[in-house]
There are 2 protein chains.
Amino acid sequence: MHVDHDSAVPPYLQLAEILRKRIESGELSSGARVPSITYLMQETGLARNTVRRAIEVLVSEGLVTVRQGWGTFVA
Amino acid sequence: MHVDHDSAVPPYLQLAEILRKRIESGELSSGARVPSITYLMQETGLARNTVRRAIEVLVSEGLVTVRQGWGTFVA
DNA sequence: CACCATTTGTTCGTATGTATG
DNA sequence: GCATACATACGAACAAATGGT
């Protein structure tokens, strides 16, 4: 899991794309838990808000659902 | 234009609601320019990112369109 | 019940990049 | 070049919800 800060594609979109592919490939199937924000921060080196933004992209696409205090899950 | 930090409704949703009503009431009609982020920051006392978040809500609702370097306009 | 760890939610202040006129 | 306006990102702090001890 790696994002390129020098890319023309902003990091939050790169991360969204990474997660999207993991979902569409079936690596993360329906109902599966998406890695936590904290974990994704550590894995990618991105800030919390940036990770959240990536997740919000997936939420707006209907790919995942988020529940406060619980986690993020593949729809 | 006023947001209440003690409200259960987060400021970014309060601002989104304020702008939504100004659009739906016709005070801001189609094609009209939405006040700039800087202006809304000064008017509401909110931070830049918070104002942007409110606008993103309206964008996701299709009420406004944003053009970088130009401005935000009622759809 | 209280307490705590985990996880998501919101906001702030700041900095820098990009686009338009 | 400059001013304005939006775009992205960082780091920090605290709130709220959940689940387990």
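Of the residues B:Gly62, B:Gly69, B:Gly31, B:Gly26, the single one that is in a loop (DSSP other than H, G, I, E, B) and within 14 Å of DNA strand D (Cβ to nearest atom) is B:Gly69. Scanning the stretch B:57-71 for residues that are within 11 Å of DNA strand C (Cβ to nearest atom), within 14 Å of chain A (Cβ to nearest Cβ) and not β-branched (Val, Ile, Thr) yields a count of 1.
For B:Leu40, the requirement of being more than 14 Å from every other protein chain (Cβ to nearest Cβ), crowded, with 17+ Cβ neighbours inside 10 Å and either among the hydroxyl-bearing types (Ser, Thr, Tyr) or outside any helix (DSSP H, G or I) (or both) is not met.
Throughout, read-outs are computed from the coordinates displayed, never taken from laboratory work. All of these numbers come straight from a predicted model, not from anything done at the bench. Methodologically, a virtual Cβ is constructed for each residue, glycine included, from the backbone with ideal geometry; neighbour enumeration extends over all protein chains shown.
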